[in-house]
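All remarks here apply to the structure that follows.
The values are calculated or read from the model by the stated rules, or taken from the named source; none is laboratory data. Quantities reported herein were computed from a predicted structural model and do not represent experimental measurements. Cβ atoms come from the backbone with ideal geometry, glycine included; neighbour counts cover every protein chain shown.
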Amino acid sequence: MTSTSLMRIIIFILPIFSWYITSTIASNLNIVNLNGLKAQFQTAIKSFSDVASLHYTLGGVKELGVQLPDSHCNDIKKLVDKSNVESIYHATEAAKTLVNCKLPAEDYRSTLTSVLQSDESKTADIYYAVCSSVNLGLNIDESNIEKRLNTLAKTDDSILSQAYGLLTGAQLSQPIAKYYADTINDLVQQADEIDGRILQYEGGIGTTAFIVNSFYEVAEKAGVSIKTDPKQLIKFATYFSSKRHVATLRSAYYLTKVFKHLCDNKNPVPIVVSRISPSAISPQNPSVLVSITNLLGQPVGEMSVVAESAKRKEDGVVVISKQKLIPKASDFSVYELPFYDTKIPRGFYTIHLTLTARNEGKLIGLTDNIIDVKVTSQGTIENAELIVADRDHGAQSKTYKLTYPNAQSDKLELDYHQKLTVKFQIKDKQSDEFMPVQQAFLRFTNKQSKKEIIYLAEATDNGNSQYKVEVDLTTNANDFRYQSDKYELVLILGDSLLQNAYEWILNNNVHLTFHEDSLPDKDYKNLYLPRQEIIHQFREDEKRPPNIVAFVFSTLALLPLLLLLILWLKLGFNLSGLPLGLSPLGFHISHGAAFALMFFYWKYLDMFQTIRYLALISIPLFLFGHRVLSTLAARREKKA
Amino acid sequence: MSQLGQVIGILRKLNDEYQISTPKKLKLIDAYLVYVLLTGIIQFIYCLLVGTFPFNSFLSGFISTVGCFILAASLRIQLNTTNRSTFNVTPERAFADFVFAHIILHLVVINFIG
């Protein structure tokens, strides 16, 4: 077989394989927090602010089986807004839950008719109007409404609009309802799938519950069952049961309705399988107890429950295969699986359960259920030693053998040139082999200040899990802040698969002496107090010498000028040869002006202005200069 | 002792030579050079004493003296008749260059002095 064809086969098989893998991931359904929903409605009953909350609260409470007094009828009449079709809808729905609450139909007729006839009405408005009319006993023109719905379906194809369409169809005659019931599957396909486990609609829990509820209502009116893939229903159910609390009354109301539909025997009912015994299996707790109920926690009849396999998470070792669970409760909601056996090694186990319904019912979610348990064991500490050795001459050491739970009786004195080593092993009593533990610490507690210094004990990698922790009193001295004091030495061990944890006091009286002076403890509380305010300091000017010094040196710098004049005079500065006339004068003036410009530049001007002025001055300067120099040159030529 | 005496003798001889053979123009320029040098030295001593703040002012002043010294020295070289063969400029041209260069030097120095 060539490598390319092998590759092709693998590429072909792999997606199928992975699809099978993903499709067997179990749904994690939880039992609904019914008390939470009840409490939410009960708080809402105390005071109503608008007619929608009235509707949701009364409706929700009625679904949960409690009948409220008719006095709420007055609240409905007070809060309803006659001109708003949504308000009328909520009012009529709320009135429907009470025993004897009649609303004045005539008051609302005009609003309802206008909404039904208006071209502006959306699908939601049509639904509100139709539902209110039906509740109030008013006549409606079914064919007209059907036409309106069809027109609206073409312009608005959002999911919410389709859901309202379904609900309206549920209020009309059965054929119309059936037509809408056939579209349920399309709507389910439009839901968003998350992680392969959850189906939801955009808009959150309330909207999803509202839409799914509309499926059930229209299917009920049409007299058909919801023809959707059970896996999709389970994904919806997972989404609904994952919320412990919902924020709004609307979400709570529709969630309650959806849960009631999902637990109704006429519809497919998702099964919730959960473990009600503690997660650790031990001789005191040898069995796994599994509860099998519907979403609301009610029993679902007799089932045959089989544990297909119980695999250890670590290495996949199968310890139980195809074992039937024993029913424990009379209503067949609790089943027992005896698990504990001395031969079963310690570890985390995953139990796969398969359920088969005894009666013909529409139960879904019967396969792919998983229960997690762990088998713990007892441990013993063996071969524990405490070694005091010299840092430099490792050979000189003293070994003390320790047995749990005895502590060393004499005090231990350690110096800065010594190091302390603690070695130990932990053995699993059941399997008689050495095991690694998740927590192994050595703790020093300063007896005076109660400060703790903790070191991690590490195990060797080979099979016998020899643990060792070493504390060197020179390199580790800073951990103790060089505080030479009396300490308590404790070994702490723990593991999630060990039945007992250890806090073994190795020695109560350990004297540590460090070389350096002790440092105070870091005050960690101060880390969270406000720090000192930093006041911004502008950059300070650099120190300058006092004015006198500067003045003296300025005059000193000018002194050589005097010297120059004197020297020049002594040498015979030829002032007499100075030519007089326009050009020389002009030259000297422009030359002087250039230097004056420099002075002004220093004091007042900037570069651009100076350049401009300089350009201006340099014209006469060059002119006159040229003339003067040519005169001088001519004079020199004449002399020579 | 005798070495010092020898050095003094050489220096005196140098001085005499200088006084005799240097033309007056060049002596004037030499005096100017000495003046500039002194000014530069005084500035430097001041900087050593009180530190280099503000550094730009010190640099500007010092470079001004150095620049003047260099320009004057180059003028002296160009004016020296014994160098006529190497340079082909008239004294007037040298002087004009000297003035032009000075203007630029002073522009830069004043800009930098801050």
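(1) surrounded by 14 or more Cβ atoms within 10 Å (Cβ to Cβ); (2) among the β-branched types (Val, Ile, Thr); (3) closer than 26 Å to A:LEU556 by Cα: which one isn't true of B:VAL99, the others all being true?
For B:VAL99, the exception is condition (3).
Please state which of the following conditions A:PRO278 fails to meet, knowing it meets all the rest: (1) touching a residue at least 40 places away in the same chain (Cβ under 8 Å); (2) closer than 30 Å to A:LYS343 by Cβ.
(1)
Among (1) surrounded by 22 or more Cβ atoms within 10 Å (Cβ to Cβ); (2) modelled with pLDDT under 90; (3) hydroxyl-bearing (Ser, Thr, Tyr), where does A:TYR254 come up short?
(2)
Take the range A:493-539 and flag every residue that is assigned to a strand (DSSP E or B) and loosely packed, with under 13 Cβ neighbours inside 10 Å.
The one that is assigned to a strand (DSSP E or B) and loosely packed, with under 13 Cβ neighbours inside 10 Å: A:GLU503.
How many residues does the range A:405-421 contain that are aliphatic (A, V, I, L, M) and either part of a loop (DSSP other than H, G, I, E, B) or touching a Phe, Trp or Tyr at 6+ places or on another chain (Cβ under 8 Å) (or both)?
Residues that pass the stated criteria total 1.
One line per residue, one yes/no per condition, for (1) within 31 Å of the chain's Cα centre (by Cα); (2) assigned by TED's automatic domain parsing to the domain that holds A:ASN33; (3) surrounded by 19 or more Cβ atoms within 10 Å (Cβ to Cβ):
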residue	(1), (2), (3)
A:ASN150	no, yes, no
A:THR168	no, yes, yes
A:TYR179	no, yes, no
A:ASN185	no, yes, no
A:GLU193	yes, yes, no
A:GLU220	no, yes, no
A:THR228	no, yes, no
A:GLN232	yes, yes, no
A:SER241	yes, yes, yes
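Taking the criterion of being within 30 Å of A:LEU325 (Cβ to Cβ), not hydrophobic (A, V, I, L, M, F, W, C) and not assigned by TED's automatic domain parsing to the domain that holds A:THR354, would at least one residue in the range A:418-429 satisfy it?
Looking through the range A:418-429, at least one residue is within 30 Å of A:LEU325 (Cβ to Cβ), not hydrophobic (A, V, I, L, M, F, W, C) and not assigned by TED's automatic domain parsing to the domain that holds A:THR354.
Hey, does the range B:45-65 have a residue that's closer than 25 Å to A:SER618 by Cβ and away from chain A (no Cβ under 14 Å)?
Yes, the range B:45-65 has at least one match.
Among the residues that make up the range A:623-631, is at least one of them surrounded by 15 or more Cβ atoms within 10 Å (Cβ to Cβ) and at the interface with chain B (Cβ under 7 Å from one of its Cβ atoms)?
yes
Give the residue, chosen from A:LEU571, A:LEU580, A:LEU497, that is more than 10 Å from chain B (Cβ to nearest Cβ) and at pLDDT below 80.
A:LEU580
Suppose the filter is more than 9 Å from chain A (Cβ to nearest Cβ), free of Cβ contacts under 8 Å to residues at least 24 places away in the same chain and on the phi < 0 side of the Ramachandran plot; does B:ILE77 pass it?
yes
Regarding the range A:310-330, can at least one residue be identified that is assigned to a loop (DSSP other than H, G, I, E, B), touching a strand residue (DSSP E or B) at 6+ places or on another chain (Cβ under 7 Å) and surrounded by 15 or more Cβ atoms within 10 Å (Cβ to Cβ)?
yes
Any residue at all in the range B:15-26 that is within 9 Å of chain A (Cβ to nearest Cβ), modelled with pLDDT under 85 and out of contact with any Ser or Thr (no Cβ under 8 Å at 6 or more places or on another chain)?
yes
Which one of these is surrounded by 13 or more Cβ atoms within 10 Å (Cβ to Cβ), assigned to a helix (DSSP H, G or I) and facing another protein chain (nearest Cβ under 9 Å): A:PHE600, A:PHE587, A:PHE553?
Just one listed residue meets the conditions, A:PHE553.
Please work out if A:ALA39 is exposed (fewer than 15 other Cβ atoms within 10 Å of the Cβ), at pLDDT 85 or above and either under 37 Å from the mean Cα position of the chain (by Cα) or outside the structural domain of A:SER121 (by TED's automatic domain parsing) (or both).
yes
Taking the condition at pLDDT below 90 and under 30 Å from A:VAL375 (Cα atoms), does A:ILE226 pass?
No; evaluated as a whole, the condition is false for this residue.
Quick check on the range A:429-452: of everything there that is surrounded by fewer than 17 Cβ atoms within 10 Å (Cβ to Cβ) and closer than 11 Å to A:LYS486 by Cα, which residue is nearest to the chain's Cα centre (by Cα)?
A:LYS450
Any idea which residue in the range A:342-400 is surrounded by the fewest Cβ atoms within 10 Å (Cβ to Cβ), counting only those that are outside any strand (DSSP E or B) and β-branched (Val, Ile, Thr)?
Within the range A:342-400, the match that is surrounded by the fewest Cβ atoms within 10 Å (Cβ to Cβ) is A:THR342.
Condition first: in contact (Cβ under 8 Å) with a residue 12 or more places away in the chain and in a helix (DSSP H, G or I). Now tell me which residues in the range A:135-157 satisfy that.
A:ASN135, A:LEU136, A:GLU142, A:ASN144, A:ILE145, A:GLU146, A:ARG148, A:LEU149, A:LEU152, A:ALA153, listed by residue number.
Name every residue in the range B:45-60 that is of a type outside the set (A, V, I, L, M) and either assigned to a loop (DSSP other than H, G, I, E, B) or under 13 Å from A:PRO560 (Cβ atoms) (or both), in order of residue number.
B:GLY51, B:THR52, B:PHE53, B:PRO54
Please tell me if A:ALA615 is at pLDDT 85 or above and either closer than 22 Å to A:LEU582 by Cα or away from chain B (no Cβ under 11 Å) (or both).
yes
Would you check if A:PRO560 is touching a helix residue (DSSP H, G or I) at 6+ places or on another chain (Cβ under 6 Å) and either facing chain B (nearest Cβ under 8 Å) or modelled with pLDDT under 85 (or both)? Let's see the steps before the verdict.
On the way: touching a helix residue (DSSP H, G or I) at 6+ places or on another chain (Cβ under 6 Å): yes; either facing chain B (nearest Cβ under 8 Å) or modelled with pLDDT under 85 (or both): yes.
The answer is yes for A:PRO560.
Quick one: which residue in A:VAL134, A:VAL66, A:VAL115, A:VAL80 is surrounded by fewer than 19 Cβ atoms within 10 Å (Cβ to Cβ), over 16 Å from A:GLN171 (Cα atoms) and out of contact with any Phe, Trp or Tyr (no Cβ under 7 Å at 6 or more places or on another chain)?
A:VAL66
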